[in-house]
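Chemist: Would you mind keeping the following structure in view while I ask a few things?
The values are calculated or read from the model by the stated rules, or taken from the named source; none is laboratory data. Here the structure is a predicted model, which means the values were calculated and not measured. With ideal geometry, Cβ positions are generated from the backbone for all residues, glycine too; neighbour counts draw on all protein chains shown.
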Amino acid sequence: MKKRNIKINNVDGNPEYSKGYAVLFTLVVISIISMISMGLANTALKQIILSGVARDSTTAFYEADLGSECVMYADNNDLFPSYGNPEVGFNCGGDSYVMNTTSDSGLTSTYTMFPDSTLSTSGNKCFRANITKESPDDFVETTIIIDGYNICNMTNMRTVQRSLLIKY
């Protein structure tokens, strides 16, 4: 009868079975550090995008504010075209805009102010305005809705719009 040697694995005391432990431990530590680093990088990227949106929002709001000043200037100086007249050019804040009358029913007149074709396709900021003048009595009520944009090209995914409503 042949005698077999049965070896009992004794990992604790035998260095032969613990050779890969340091490599495994190193890989686990590197994996944990990599996951933490990617999480922090992802958070930092989101913060950068969020701060960019806040900046673009501010730009769009100030452009709407500029538009309100331009529209009220045009209103106070009677620069709006009469119904049936062609579009009238208007310079505001160094940019060219177009004004026209979209409807005039006697008691209510509606005007629009929008960027000219060169500005509307550019990457510059701009505004668009809709002006309604109602005069049911001797008093004329003016309603202005102004949309300010950080990028005038409306097909751009990063375009931010902020609106103002003014009544007087």
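Chemist: Among the listed residues Asn85, Asn91, Asn77, identify the single one that is at pLDDT below 80 and surrounded by fewer than 15 Cβ atoms within 10 Å (Cβ to Cβ).
Modeler: Only one candidate passes the filter, namely Asn85.
Chemist: Of all residues in the stretch 135-168, how many are in a strand (DSSP E or B) and out of contact with any Gly (no Cβ under 9 Å at 6 or more places or on another chain)?
Modeler: The qualifying residues number 8.
Chemist: Going through the stretch 63-93 one residue at a time, which ones are assigned to a strand (DSSP E or B) and touching a residue at least 24 places away in the same chain (Cβ under 8 Å)?
Modeler: Once the filter is applied, which keeps residues that are assigned to a strand (DSSP E or B) and touching a residue at least 24 places away in the same chain (Cβ under 8 Å), the stretch 63-93 yields Gly89, Cys92.
Chemist: Looking at the stretch 94-108, I want the residues that are closer than 18 Å to Asp138 by Cβ and have a partner that is assigned to a strand (DSSP E or B) with Cβ atoms under 8 Å, at least 6 apart or on another chain. Which pairs are those?
Modeler: Going by the 8 Å Cβ cut-off, the qualifying pairs are Leu107/Glu134; Thr108/Thr132; Thr108/Lys133; Thr108/Glu134.
Chemist: Next up: Being of a type outside the set (Phe, Trp, Tyr) and under 20 Å from Arg55 (Cα atoms) narrows it down to one of Met157, Met113, so name that one.
Modeler: Met157
Chemist: What number goes with the only condition from (1) closer than 30 Å to Ile131 by Cα; (2) within 23 Å of the chain's Cα centre (by Cα) that Ser51 does not pass?
Modeler: Of the numbered conditions (1) closer than 30 Å to Ile131 by Cα; (2) within 23 Å of the chain's Cα centre (by Cα), the odd one out for Ser51 is (1).
Chemist: Is the stretch 4-12 home to any residue that is surrounded by 10 or more Cβ atoms within 10 Å (Cβ to Cβ), under 22 Å from Asn150 (Cβ atoms) and at pLDDT below 95?
Modeler: Within the stretch 4-12, none of the residues are surrounded by 10 or more Cβ atoms within 10 Å (Cβ to Cβ), under 22 Å from Asn150 (Cβ atoms) and at pLDDT below 95.
Chemist: Which ones in the stretch 137-158 are over 19 Å from Met72 (Cβ atoms) and in contact with a helix residue (DSSP H, G or I) (Cβ under 6 Å, 6 or more places away or on another chain)?
Modeler: Tyr149, Asn150, Cys152
Chemist: Still on this model: State all residues of the stretch 103-134 that are modelled with pLDDT of 80 or more and either among the charged types (D, E, K, R) or surrounded by fewer than 15 Cβ atoms within 10 Å (Cβ to Cβ) (or both); if no residue qualifies, say none.
Modeler: Residues satisfying the conditions are Leu107, Thr108, Lys125, Arg128, Lys133, Glu134.
Chemist: Which residue out of Ala22, Ala41 is in a helix (DSSP H, G or I), over 30 Å from Cys152 (Cα atoms), at pLDDT below 85 and among the small types (Gly, Ala, Ser)?
Modeler: Criteria check complete, one pass: Ala22.
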